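The values are calculated or read from the model by the stated rules, or taken from the named source; none is laboratory data. No experiment lies behind these values; they were computed from the predicted model shown. Methodologically, a virtual Cβ is constructed for each residue, glycine included, from the backbone with ideal geometry; neighbour enumeration extends over all protein chains shown. Areas reflect the complete protein model, heavy atoms only, side chains present, ligands, DNA and RNA absent. Shrake-Rupley method; radii C 1.70, N 1.55, O 1.52, S 1.80 Å.
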Amino acid sequence: MKKPRAAAGSRSRHRKQSSSQEGREKRALSSSQAKPSGPDAGLARRQEEVVLQASVSPYHLFRDTAEVTVLRKNLLSWYDLEKRDLPWRRQAEGEMDLDRRAYAVWVSEVMLQQTQVATVINYYTRWMQKWPTLQDLASASLEEVNQLWAGLGYYSRGRRLQEGARKQADSQTPLCQAAGVVDGNVVRVLCRVRAIGADPSSTLVSQHLWSLSQQLVDPARPGDFNQAAMELGATVCTPQRPRCSQCPMQSLCRAHQRMEREQLLASQSLPSSGDVEECAPNTGQCQLCAPPTEPWDQTLGVANFPRKASRRPPREECSATCVLEQPRAVGGARILLVQRPNSGLLAGLWEFPSVTVEPSRQHQPKALLQELQSWVGPLPATRLQHLGQVVHTFSHIKLTYQVYGLTLEEQTPVTTSLPGVRWLTREEFHTAAVSTAMKKVFRVYEGQQPGTCKGSKRSQVSTLSRQKKLSPGQKVLDSFFQPYTSAGAP
């Protein structure tokens, strides 16, 4: 069955928006990924460090090797006593093969990007049970990866993990290499230890943080050192209310020294001194210090570092999506899912047929019906029913799904041979590679079905409220696409 041009065009627009979103997602995640190592990369990095350090005040550097030695010793000693018992650490500690150990840590660090430890644990455990080695992951399908990753968010991470595994398996080079890492926790620790008040997302500050991380990493225990730095940021050097009295780096921390000095000046009713006495750049404003427009906040203490990067509010978009169900399909009721493009937002995941629309519901049913028919052919427009809405926020998009339902009660079972189309049972849906947003959409649909105790009364109230707000013309349109009340809806 050939798709109409209009429907293809809507999916093309969707792909373009998805592609731009992936670019933003890549940039959001790239700041927390370890940089590649190797002879060439190492030489380039050392050259960058020499140039960078020549233009930076010693106040923001570690120039004393004895100081670096003390920092490594204090941090690792603290980590050995205080580290949390986490599955990836147990797996790494019990693994003698360095490449398998590196793989276990690699998977955990990718999962932990932008995601809390408590959320990651179950996903990590299931992942390592299914693909215990890099070679196992390299031989897996993207569908399997997406299915296991479903619900964890930032879905391109799983795809990139598999792509990396395949490249690594083909290259036959060792996975385990000694290198410093920089994630959100490490950024916070380093910015405080060296009093870096400039925007940590800027190119200059980012390069400086990578340089510090590489300088500090313990060559004898690089993995443990990196874990320790991240652990410190997660449990002690936290964004708010850091526990400085328990920090193994307190004696080396410039932010703590600044806080004590500011408290002393405040007790003597003297003005803040700023960083100029310590940093003292010869010319102009230091590019690693906080700008003059952001003076010291006495109430924040060491949490004055790092500077909070300004964030744009998420872009708002609207999508109409439909749960299309065949209750009398062979083998039991089935719902229709279609696969998203292989690149962009939620790449390769399955979803209910959707189309990008304007927030006004006036033209949504027509556009959505065209999208549905492009997948399965002619459908009865009079049974398309608006059920509610779901709001889901991705990294840079606040997406409102207008949820519709269409049940083919008296229709001959619909079949299709198009690629990227599946009819699944409800049980299969819950284990498929679908996003959290689609699970929210399905809960709205389930809550409006006969025999459920969810919201039939609530739906009637919603319908009455909606009718009060609609213009006469919109009421006519609404009555055409929603001929049944919620209590009697199919």
Original post:
In units of 2.2 N^0.38 Å, what is the alpha-carbon radius of gyration of segment 92-221?
Top reply: 1.17
Subject >> Computed log₁₀ I(q)/I(0) - Debye formula, equal Cα scatterers, no solvent, segment 165-228, q 0.12, 0.13 Å⁻¹ >> reply: -0.38, -0.44
Original post:
In whole Å, what is the distance between the alpha-carbon centres of segment 114-138 and segment 355-401?
Top reply: 34
Original post:
For segment 107-249, what is the accessible area per residue in Å² when the probe is 1.4 Å?
Top reply: 39
Original post:
Each residue of segment 179-188 in order: what ³J(HN,Hα) in whole Hz does its phi give by Karplus 6.51 cos²θ - 1.76 cosθ + 1.60, θ = phi - 60°, with x for Gly and Pro?
Top reply: 7, x, 10, 9, 10, x, 5, 5, 4, 5
Original post:
Taking a threshold of 25 Å on the Cα-Cα distance, which of the pairs K167/K440; K130/K167; K83/K130 fall above it?
Top reply: K167/K440; K83/K130
Original post:
Considering the zone a paramagnetic label at D97 would reach in this model (a point 7 Å from Cα along the Cα-to-Cβ line), which residues of segment 138-167 have amide N under 14 Å from it?
Top reply: 138-139
Subject >> Residue among P359, V302, P314 farthest towards the positive dipole end of segment 298-368, charges placed on Cβ >> reply: V302
Subject >> J(HN,Hα) series, segment 288-294, from Karplus relation 6.51 cos²θ - 1.76 cosθ + 1.60, nearest Hz, glycine and proline x >> reply: 9, 8, 5, x, x, 6, 10
Original post:
Please state the relative contact order of segment 298-410 as a whole percent: Cα pairs under 8 Å, 6+ residues apart?
Top reply: 35
Subject >> Full-extension gain in nm, E317 to R221, via 0.36 nm per residue minus C-alpha separation >> reply: 29.8 nm
Original post:
Given Cα pairs under 8 Å that are at least 6 residues apart, what percent is the relative contact order of segment 137-230?
Top reply: 27
**OP:** Leaving ligands, DNA and RNA out of it, report the carbon-plus-sulfur percent of the accessible area of segment 102-206 at a 1.4 Å probe.
**Re:** 50
**OP:** Bin all alpha-carbon pair distances of segment 364-441 at 10 Å intervals from 0 and give each bin's fraction as a whole percent.
**Re:** 14, 41, 40, 5, 0
Original post:
For segment 100-148, what does the equivalent ellipsoid look like in terms of its semi-axes, each the square root of 5 times an eigenvalue of the Cα gyration tensor, given largest first in whole Å?
Top reply: 17, 13, 9
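With viscosity set to 1.567 mPa s and temperature to 4 °C, compute the Stokes-Einstein D of segment 205-254, Rh being the Kirkwood radius across alpha carbon pairs; µm²/s, no decimals.
108
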Original post:
For segment 53-100, what is the Kirkwood estimate of the hydrodynamic radius, computed as the reciprocal of the mean inverse distance between distinct Cα atoms, to one decimal in Å?
Top reply: 13.8
